[in-house]
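Here is the structure we will look at.
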Amino acid sequence: MSVVADLGIAFGRVAFVMLFVLNLGGLLTWVERKQSAIMQDRIGANRASIFGFRVLGLFHPLADAIKMLAKEDFRPARADRFLFGFAPFVSVFFALVAFASIPFGDTLRVAGREIPLQAVTLNVGILYLFAMLSLGVYGVMMAGWSSANNFALLGGQRAAALMISAEIAIGASIMGVIMIYGSLNMQDIVRGQGRSFLGGWLPAWGIVTQPLAFVLFLTAGIAATKRIPFDTPEGESEIIGYFVEYSGMKFGMFAMADFLETVVIAGMTTSLFLGGWQVPYLGPEGFHLPWGWAWSLPHLVIVLLQVGAFVVKVCGMIFFMMLIRWTLPRFRYDQAMRLGWLGLFPLSIANIVLTGFLLLLWDAR
Amino acid sequence: MARAVFLLVAAVAVGSALGLILRRNAIHGALFLVVNLGSIAALYLMMGAEFLAAAQVIVYAGAIMVLFVFAIMVLIPGKEEIGPDPHRRARLAALPVGALLFVLLVLVVGRRWAGPAATTTASGTPDAVGRLLFTSYLFPFELTSVLLLAAMVGVLVLARRRA
């Protein structure tokens with residue numbers, strides 16, 4: 001019985017994360033169209049209907065998926081058979097599994113069990129995330145190379161170079177966060193953000209303790225998703241990118257991988273800089289406001305509030321990233337590389353030094 | 001259960017290592033090496049060495065091999081461009097050298113099995129690894145960093161001379 005329950009809980013934790021990321025990624029195709037429509041004073045996609053119901057065009061992702069599945073699956077004659085088919089799966093796989101170490105809630109206590117609300121509890125969770133992000137490069141490189149098309153190859157190499165420079169900056173910018181909260185465990189980092197400054201008024205979120213790292217991480221993170229303003233690897237409408245030779249659902253999977261990476265970067269930003277599942281002033285017993293007002297809540301309600309806060313924060317970050325995507329024009333390729341290597345990376349290193357210095361001062365108080 | 005997973009991961013590791021050696025296509029070989037490095041990381045993870053596993057994936061699979069694959073894609077021409085095998089004569093040496101390596105391997109592995117099994121007491125958590133690196137192994141650790149720095153400076157000098 002208890003083995004069945006354990007298996008069920010493990011399955012539930014994985015299923016929650018997987019369905020959350022997958023569905024949010026699919027929904028983003030709709031968000032992208034609707035949000036751009038609102039920003040540009042248009043109506044946006046609203047035609048797909050089932051029995052006359054249109055629900056704000058929410059059926060468009062469904063219609064897109066059916067369209068992609070029904071299209072011809074074309075493969076160039078000289079393409080590398082196996083790698084050409086395998087590349088989109090690699091891209092989607094690493095984007096999907098990356099979310100596993102991001103905690104979506106604190107420990108849930110039900111019927112004498114303690115369930116960590118996280119797909120995988122890893123002591124090196126942040127390194128795991130980083131590793132999965134860096135492995136995503138292979139899908140892109142394989143796609144560019146296996147297409148037997150020189151333009152695709154060039155696109156794949158642009159993508160690889162851009163993603164490497166972005167990941168270097170991501171790795172260097174999260175070092176400051178690791179130093180402040182003293183752990184590589186994502187759950188510990190989020191718990192550490194539950195403390196507060198200024199007599200309890202200011203939550204010790206990463207964006208407060210590491211403002212520079214937040215800006216650097218977000219910039220590098222957006223670059224890692226290969227979306228506008230850093231979309232020189234693909235540039236669907238003007239430049240030829242690594243997936244020119246792809247059609248149908250395989251093409252869709254590359255687009256999907258970009259959306260999934262957006263979700264992962266939003267999840268990482270939330271966990272590292274926006275307090276993860278922390279609700280301001282909400283402790284393990286209930287709300288404690290700085291002026292002494294308290295409101296105790298049952299455990300289940302608190303956990304639900306925290307999971308809800310996490311989902312809201314992730315969605316808010318995605319909204320913000322979309323806002324950037326529809327506001328800024330594309331960086332030229334050399335500008336993007338220069339930004340990564342000469343801007344983000346040295347600043348991240350400076351942030352590490354500054355953080356270490358401030359931590360020493362703080363401890364010496 | 002753990003044994004079954006170990007056998008599966010070990011099979012993937014050996015299979016991908018064979019793929020690396022046997023594939024003619026350099027890109028395929030490099031990608032097999034990535035799979036091999038990943039499965040070795042999985043073995044580290046099963047032994048509780050979490051930090052080592054993560055570092056293995058990030059440094060080798062995620063960084064060094066990306067550069068390898070990148071370089072192969074840019075620099076190594078396809079089969080139709082190089083024509084017949086240019087290393088035909090070097091292949092003659094492969095058999096005796098391979099045999100020598102095999103004998104050495106048998107000797108080394110045989111000795112290890114005859115002696116006491118390697119005891120691992122240290123834990124693989126990041127703080128344990130960090131503590132060891134900055135106490136018992138501080139000198140080799142710093143030496144490695146100097147070596148890497150020297151290599152980096154050397155690369156910069158070479159690259160600048162060309163330009």
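The values are calculated or read from the model by the stated rules, or taken from the named source; none is laboratory data. Note that this is a predicted model, so its numbers are computed, not measured. Counting neighbours? That spans all protein chains shown, and the Cβs are built from the backbone with ideal geometry, glycine included. The protein model used for the area step is the full one, side chains on, heavy atoms only, and it has no ligands, DNA or RNA in it. Shrake-Rupley method; radii C 1.70, N 1.55, O 1.52, S 1.80 Å.
By accessible area of protein heavy atoms, probe 1.4 Å, what ranking do A:K226, A:K67, A:K34 get, highest first?
A:K67, A:K34, A:K226
According to the square roots a ≥ b ≥ c of the eigenvalues of the Cα gyration tensor, what is the shape class of segment A:212-289, taking rounded for a/c under 1.5, prolate for a/b larger than b/c otherwise, and oblate for the remainder?
Verdict is prolate for segment A:212-289.
Rolling a 1.4 Å sphere over the protein heavy atoms, what is the accessible area per residue of chain B, to the nearest Å²?
It amounts to 76 Å² per residue over chain B.
Any idea of A:M175's accessible area? Nearest 10 Å², probe 1.4 Å.
A:M175 exposes around 80 Å² with every protein chain in place.
Across segment A:1-124, what fraction of all alpha-carbon pairs, as a whole percent, falls in each successive 5 Å bin from zero upward?
2, 8, 12, 13, 13, 12, 13, 12, 8, 4, 1, 0, 0
Just the accessible area per residue of segment A:1-81, please: how many Å² with a 1.4 Å probe?
70 Å²
For chain B, which DSSP H helices look membrane-span-like by this rule: Cα extent along the axis of 24 Å or more and mean Kyte-Doolittle of at least -0.5?
B:2-22, B:26-46, B:94-114, B:138-162
How large is log10 I(q)/I(0) at q = 0.14, 0.21 Å⁻¹ when the Debye formula is applied to the Cα atoms of segment A:102-141, each weighted equally and without solvent?
-0.45, -0.71
Out of residues 5 or more away from A:L108 or on other chains, whose amide H comes under 5 Å of its own, with H placed 1.01 Å from N in the peptide plane?
A:I115, A:L117
Can you tell me which lysines have their Cα less than 26 Å from the Cα of A:K313? Leave out same-chain residues fewer than eight positions away.
A:K34, A:K226
Can you sort A:W291, A:W341, A:W30 by solvent-accessible area, 1.4 Å probe, largest first?
Listed by decreasing accessible area, they come as A:W291, A:W341, A:W30.
Apply the Karplus parameterisation 6.51 cos²θ - 1.76 cosθ + 1.60, with θ equal to phi minus 60°, to every residue of segment A:285-298 and state each ³J(HN,Hα) to the nearest whole Hz, in sequence, with x for glycine and proline.
9, x, 6, 10, 7, x, 8, x, 6, 10, 9, 7, 10, x
Quick one: which of A:86-93, A:59-66, A:138-145, B:58-65 comes out on top by average Cβ neighbours within 10 Å, and what's the full order, highest first?
The densest-packed peptide leads the list: A:138-145, A:86-93, B:58-65, A:59-66.
Please report the Cα spread of segment B:1-79 along all three principal axes, rounded to whole Å, starting with the longest.
Its Cα atoms span 44, 24, 11 Å along the three principal axes.
Report, as an integer, the average count of C-beta atoms from other chains found within 10 Å of each Cβ along B:46-55.
3
Estimate for me the total accessible surface buried between chains A and B (protein heavy atoms, probe 1.4 Å, no ligands or nucleic acids), in Å² to the nearest 100.
When A and B are taken together, about 1900 Å² of accessible area is lost.
In a GNM of chain B with a 10 Å cut-off on Cα contacts, which of B:P140, B:P126, B:P96 has the highest mean-square fluctuation?
B:P96
Pop out the ³J(HN,Hα) list for segment A:123-139 in order, Karplus 6.51 cos²θ - 1.76 cosθ + 1.60 with θ = phi - 60°, rounded to Hz; leave Gly and Pro as x.
Rounded to whole hertz, the list is 5, 10, x, 5, 5, 4, 4, 4, 5, 5, 4, 6, 6, x, 4, 4, x.
Report A:R338's accessible area, 1.4 Å probe, all protein chains in place, as a number in Å² to the nearest 10.
150 Å²
How many nm separate the modelled label positions at B:V146 and B:A159, each set 7 Å beyond the Cα in the direction of the Cβ?
2.5 nm
Show the residues, 5+ positions off or on another chain, whose built amide H is closer than 5 Å to the amide H of A:L202.
Under 5 Å from the amide H of A:L202 lie the amide H atoms of A:F197, each far enough along the sequence or on another chain.
Looking only at other chains, what is the average number of their beta-carbon atoms within 10 angstrom of each beta-carbon in A:130-137?
Averaged over the peptide's residues, the number is 5.
What order do you get for B:133-139, A:266-272, A:207-213 when each peptide is scored by the mean count of other beta carbon atoms within 10 Å, highest first?
Peptide ranking by packing, descending: A:266-272, A:207-213, B:133-139.
What angle do you read, to the nearest 10 degrees and between 0 and 90, between the alpha-carbon axis of helix A:248-273 and the longest principal axis of chain A?
For helix A:248-273, the angle is close to 20 degrees.
Can you list the HN-Hα couplings for segment A:193-201, worked out from phi with the Karplus curve (6.51, -1.76, 1.60; θ = phi - 60°), rounded to whole Hz and with x for Gly and Pro?
7, x, 6, 8, 10, 6, x, x, 7
Sorted by mean Cβ packing within 10 Å, highest first, what order do the peptides B:142-153, A:16-27 take?
The packing order, highest mean first, is A:16-27, B:142-153.
Can you show me the helix-derived [θ] at 222 nm for chain A, built from DSSP H runs with n ≥ 4 at -39,500 (n - 2.57) apiece and divided by the number of residues, rounded to the nearest 500.
Calculated from helices alone, the mean residue ellipticity at 222 nm is -20500 deg cm²/dmol.
Express the carbon and sulfur contribution to the solvent-accessible surface of chain A as a percent, rounded to the nearest whole number, probe 1.4 angstrom.
71 percent
Please compute, for peptide A:147-157, the average count of beta-carbon atoms on other protein chains lying within 10 Å of each residue's beta-carbon.
Shielding by partners across A:147-157 averages 1.
Across the Cα atoms of the protein assembly as shown, what radius of gyration and what greatest pairwise Cα-Cα distance (Dmax) are found, in Å?
So, for the protein assembly as shown, Rg and Dmax equal 25.3, 85 Å respectively.
About the Cα centre, and with charges only on the beta carbon of Lys, Arg (+1) and Asp, Glu (-1), how big is the dipole of segment A:82-220? Nearest 20 debye, please.
I would put it at about 100 debye.
Tell me, what is the Rg over Rh of segment A:113-221, with Rh the Kirkwood radius over Cα pairs?
1.12
Using a cut-off of 16 Å between alpha-carbon atoms, which lysines can reach A:K250, once sequence neighbours fewer than 8 places away in the same chain are excluded?
Output for A:K250: A:K67, A:K71.
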